[in-house]
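Accompanying notes for the structure given below.
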């Protein structure tokens, strides 16, 4: 039963099914909240970590070779735990004593790197949402690999050339917005520190 439910939850996240996402929040957020509150965090931290964990699971679910060998709750808790430990380390808060509230799975180095990248993805999403409706629609079509000719039809642009110009402007606006975010500067500093510490 647990595996079937895990599969349903994973598919719901993969397909961005709002009903499933609401069920996940209702049934599992309290566990993540309890863990964060027990380990130097607050309710806002818990919400952020939960959201990042869902993004990480979404990215896992998109992989053809992905399968889950534990309950969904264990998987969600393990990812949330890793995200929060990374956050604490970045804030230079000691993590040698963690108050765990259930069993968890350990991730290998490459999986841990992917989880760390979720912070960057979340930052991107935040600024993507600030774009104009036209830019959001255009960029989403581009990310979905819709051909330029098709985009021109959908967006009512007269030519492919206009599509390319608009895409360039929207992309530049997005990058400028991200670069001006203090979070982006902090992430860059952390990456630089990691690079020099090897």
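The values are calculated or read from the model by the stated rules, or taken from the named source; none is laboratory data. These numbers were taken from a predicted model, which means no experiment stands behind them. Note that we place each Cβ from the backbone using ideal geometry, even for glycine, and neighbour counts take in every protein chain shown.
Condition check ((1) surrounded by 14 or more Cβ atoms within 10 Å (Cβ to Cβ); (2) closer than 18 Å to residue 39 by Cβ; (3) at pLDDT below 75) across all residues:
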site	(1), (2), (3)
54	yes, no, no
70	yes, no, no
81	yes, yes, no
85	yes, yes, no
97	no, yes, yes
102	no, yes, yes
125	no, no, no
Which residue, of 77, 60, is at pLDDT 80 or above and touching a helix residue (DSSP H, G or I) at 6+ places or on another chain (Cβ under 7 Å)?
-> 77
Do the conditions hold for residue 118, that is, is it in contact with a helix residue (DSSP H, G or I) (Cβ under 7 Å, 6 or more places away or on another chain), modelled with pLDDT of 85 or more and either within 22 Å of residue 20 (Cα to Cα) or surrounded by fewer than 16 Cβ atoms within 10 Å (Cβ to Cβ) (or both)?
-> no
Please go through segment 17-47 and pick out each residue that is part of a helix (DSSP H, G or I), in contact (Cβ under 8 Å) with a residue 40 or more places away in the chain, more than 14 Å from residue 5 (Cβ to Cβ) and in contact with a helix residue (DSSP H, G or I) (Cβ under 8 Å, 6 or more places away or on another chain).
-> 31, 32, 35, 36, 45
Could you identify the single residue in 159, 110 that is exposed (fewer than 15 other Cβ atoms within 10 Å of the Cβ) and modelled with pLDDT of 90 or more?
-> 159
